[in-house]
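The values are calculated or read from the model by the stated rules, or taken from the named source; none is laboratory data. Every value quoted in this text rests on a predicted model; they were computed, and no experiment measured them. Positions of Cβ are generated from backbone atoms using ideal geometry, with glycine treated the same way; all protein chains shown enter the neighbour counts. The accessibility values were calculated without ligands, DNA or RNA, using every heavy atom of the protein model including side chains. Shrake-Rupley method; radii C 1.70, N 1.55, O 1.52, S 1.80 Å.
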Amino acid sequence: MTGAARVFVVDDHALFRAGVRAELGGTVDIVGDAGDVDTAITGIVASQPEVVLLDVHLPGGGGRAVIEAVRATAPDVRFLALSVSDAAEDVIGLIRAGARGYVTKTITREELVDAISRVRSGDAVFSPRLAGFVLDAFAGDLPAPVDPELDQLTPREREVLRLIARGYSYKEVAARLSLSVKTVETHVSSVLRKLQLSSRHELTTWAAVRRLL
């Protein structure tokens, strides 16, 4: 393959999409971007990129819905998940759907350019910690028991839960997830209510017992 890779960016934060354009504009050909599932599917099918940078959690169904819809009509498009989430179920869910790689938003510009190039060439690319999730899952070593309590939570609430349980402050969680502090507080209140917990300490214990940290 010659020339710059044709890349489409899917993320629900316009500021992040603009940042990716600014960072990668000189090294790849960004052919479009979208902030929700339906717009992403339409844009990808229309522009036929070689690689799609895809967030996990999106309005309208999430990254998995984008992959499944696009693969039906444009099977040659390759997907590289680029997300703030490092949760095992998010990683495995997108890989099972057909993504060729999964990296977190802590990646450097140079690492992202390399990851795009490798996915374009057909390689599978993962941040080091995430590779273990995938190897375990496809070796059958990662159980996926049904947890009715965890299933009550939305994907965003699970992200907030993990970060709070790991000891991050509301302000730090807000910064990592590109949310307002007020929104984080709302998510925490919802998580505590749904799980019938009364304090941050109980939440941390609950998460630790389920090995969510």
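For the reader, a short list of remarks on this structure follows.
- The set of residues from segment 7-31 being touching a Pro at 6+ places or on another chain (Cβ under 6 Å) and either of a type in the set (Val, Ile, Thr) or under 17 Å from Thr108 (Cβ atoms) (or both) comprises Val7, Val31.
- Condition check for Arg71: among the basic types (Lys, Arg) and either part of a loop (DSSP other than H, G, I, E, B) or closer than 30 Å to Arg210 by Cα (or both): no
- Residue match in segment 200-213 (condition: in contact with a Phe, Trp or Tyr (Cβ under 8 Å, 6 or more places away or on another chain) and in contact (Cβ under 8 Å) with a residue 24 or more places away in the chain): no
- Long-range neighbours under 7 Å by Cβ, at least six apart or interchain, first residue closer than 15 Å to Asp76 by Cβ within segment 107-124, second in a loop (DSSP other than H, G, I, E, B): Val119/Arg100; Arg120/Met1; Arg120/Ala5; Arg120/Glu50; Ser121/Met1
- Taking segment 7-41 as the range and being assigned to a helix (DSSP H, G or I) and either touching a helix residue (DSSP H, G or I) at 6+ places or on another chain (Cβ under 6 Å) or touching a residue at least 24 places away in the same chain (Cβ under 8 Å) (or both) as the test, the residues that pass are Leu15, Phe16, Val20, Glu23, Leu24, Val37, Ala40, Ile41.
- Set side by side, the residues Leu192, Leu179, Leu163 differ, and just one is among the aliphatic types (A, V, I, L, M), at pLDDT 85 or above and closer than 20 Å to Phe16 by Cα, which is Leu179.
- Of all residues in segment 145-185, those satisfying the criterion of being of a type in the set (Val, Ile, Thr) and buried (at least 17 other Cβ atoms within 10 Å of the Cβ) are Val160, Ile164, Val173, Val184.
- Filter pass, Val45 being closer than 22 Å to Glu110 by Cβ and modelled with pLDDT of 90 or more: no
- Residues satisfying the stated conditions in segment 186-207, i.e. open to solvent by 50 Å² or more (accessible area, probe 1.4 Å) and within 22 Å of the chain's Cα centre (by Cα): Thr186
- Meets criteria (in a helix (DSSP H, G or I) and either surrounded by 23 or more Cβ atoms within 10 Å (Cβ to Cβ) or not aromatic (Phe, Trp, Tyr) (or both)) for Gly93: yes
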